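Heads up, the thing below is written out as structure tokens.
The values are calculated or read from the model by the stated rules, or taken from the named source; none is laboratory data. Values in this document were obtained by computation on a predicted structure and should not be read as measured data. With ideal geometry, Cβ positions are generated from the backbone for all residues, glycine too; neighbour counts draw on all protein chains shown. Ligands, DNA and RNA are stripped out before the accessible areas are found, and what is left, the full protein with its side chains, is counted by its heavy atoms. Shrake-Rupley method; radii C 1.70, N 1.55, O 1.52, S 1.80 Å.
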Amino acid sequence: MAAGTVASTGAYLMQFPRTLAALRTSFIPTRSFSKLGFHPLRLRTTAPVRKLQVRAARTGSKGVSLGFRAPHFELQEPLTGKMWTLEDFESYPALLVMFICNHCPFVKHLKKDIVKLSNFYMKKGLAVVAISSNSIATHPQDGPKFMAEEAKLFNYPFPYLYDESQDVARDFGAVCTPEFFLFKKDGRRPFELVYHGQFDDSRPSNNVRVTGRDLSLAIDCVLSGQPISLVQKPSVGCSIKWHPET
């Protein structure tokens with residue numbers, strides 16, 4: 001697992017002898033793809049200017065099978081200084097573990113709705129915890145100080161924990177932000193993974209309204225004792241930013 005790459009496009013400068021400058025031409029499209037699937041072309045005497053575009057690398061959740069047992073963790077909450085462990089949630093019938101961070105545009109896109117969903121289901125008995133595992137060597141804005149500010153600013157109803165060693169992310173098999181792990185608990189049995197999928201179909205640039213439909217449906221099933229569909233769309237987001245030495 002590695003940090004995401006940045007894709008970019010640039011303009012290329014081509015120089016010609018001055019004596020041939022008047023003959024310089026280029027072809028560019030006059031409009032978008034037609035119904036026939038091609039670009040009509042027209043002649044221009046100047047080269048087109050191409051804008052630099054920077055996109056965040058997209059990574060999808062993967063690699064963890066349903067039935068996976070929630071691994072033990074012991075992490076500090078920067079906002080309060082409290083240490084939290086998996087055992088703190090043993091009395092709950094279900095546990096939602098979210099890997100998020102401060103800077104990721106995919107997390108920012110869902111942040112307010114994650115808070116709304118958590119507030120709603122925590123009142124119904126769901127336990128919720130968020131974890132940030134990003135390296136502060138490469139992304140200092142995701143460090144504990146800023147996590148505490150973020151939790152306070154958005155009034156997180158759940159503990160927001162810092163995984164400095166990144167061992168917890170590895171134990172869970174987390175690879176991106178946001179990434180959602182929904183566990184259920186039957187009596188004294190360990191928490192078992194029943195949902196590892198997306199929040200909903202909305203993304204920062206696809207103009208789909210945020211609803212939380214996929215995750216909400218899974219939580220409803222868990223809390224009501226109903227089976228959850230095995231067809232689960234993976235969550236999509238920024239890759240977890242691993243420490244440079246790894």
* Asked: Does any residue of segment 133-146 turn out to be among the small types (Gly, Ala, Ser), in contact with an Asp or Glu (Cβ under 6 Å, 6 or more places away or on another chain), modelled with pLDDT of 95 or more and within 26 Å of Pro244 (Cβ to Cβ)?
  -> yes
* To do: Name every residue in segment 193-246 that is among the charged types (D, E, K, R), within 19 Å of Val97 (Cα to Cα) and within 14 Å of the chain's Cα centre (by Cα), in order of residue number.
  => Asp200, Lys233, Lys241
* Asked: in a loop (DSSP other than H, G, I, E, B), farther than 25 Å from Cys238 by Cβ and either touching an Asp or Glu at 6+ places or on another chain (Cβ under 9 Å) or open to solvent by less than 20 Å² (accessible area, probe 1.4 Å) (or both) - does that describe any residue in segment 75-91?
  -> no
* Any residue at all in segment 54-65 that is of a type in the set (A, V, I, L, M, F, W, C), modelled with pLDDT under 95 and under 25 Å from Val231 (Cβ atoms)? -> yes
* Asked: Does any residue of segment 187-201 turn out to be under 23 Å from Lys111 (Cβ atoms) and open to solvent by 50 Å² or more (accessible area, probe 1.4 Å)?
  -> yes
* To do: Give me the pairs, please: first residue somewhere in segment 129-146 and in a loop (DSSP other than H, G, I, E, B), second residue anywhere and among the charged types (D, E, K, R), beta-carbon distance under 6 Å, and either six or more positions apart or on two chains.
  => Ser133/Asp163; Asn134/Asp142; Asn134/Lys241; Ser135/Lys241; Thr138/Lys241; His139/Lys241
* Across segment 165-200, which residue is nearest to Gly212 (Cα to Cα) among those that are free of Cβ contacts under 8 Å to residues at least 24 places away in the same chain and part of a loop (DSSP other than H, G, I, E, B)? -> Asp200
* Could you count how many residues in segment 158-184 are open to solvent by less than 40 Å² (accessible area, probe 1.4 Å) and either over 15 Å from the mean Cα position of the chain (by Cα) or aromatic (Phe, Trp, Tyr) (or both)? -> 13
* Selected residue (criterion: nearest to Pro93 (Cα to Cα)) from residues of segment 202-246 that are of a type in the set (Ser, Thr, Tyr) and open to solvent by less than 30 Å² (accessible area, probe 1.4 Å) -> Ser216
* **Out of Val128, Val107, sole residue that is of a type outside the set (D, E, K, R), modelled with pLDDT of 95 or more, farther than 29 Å from Arg188 by Cα and surrounded by 19 or more Cβ atoms within 10 Å (Cβ to Cβ)** => Val107
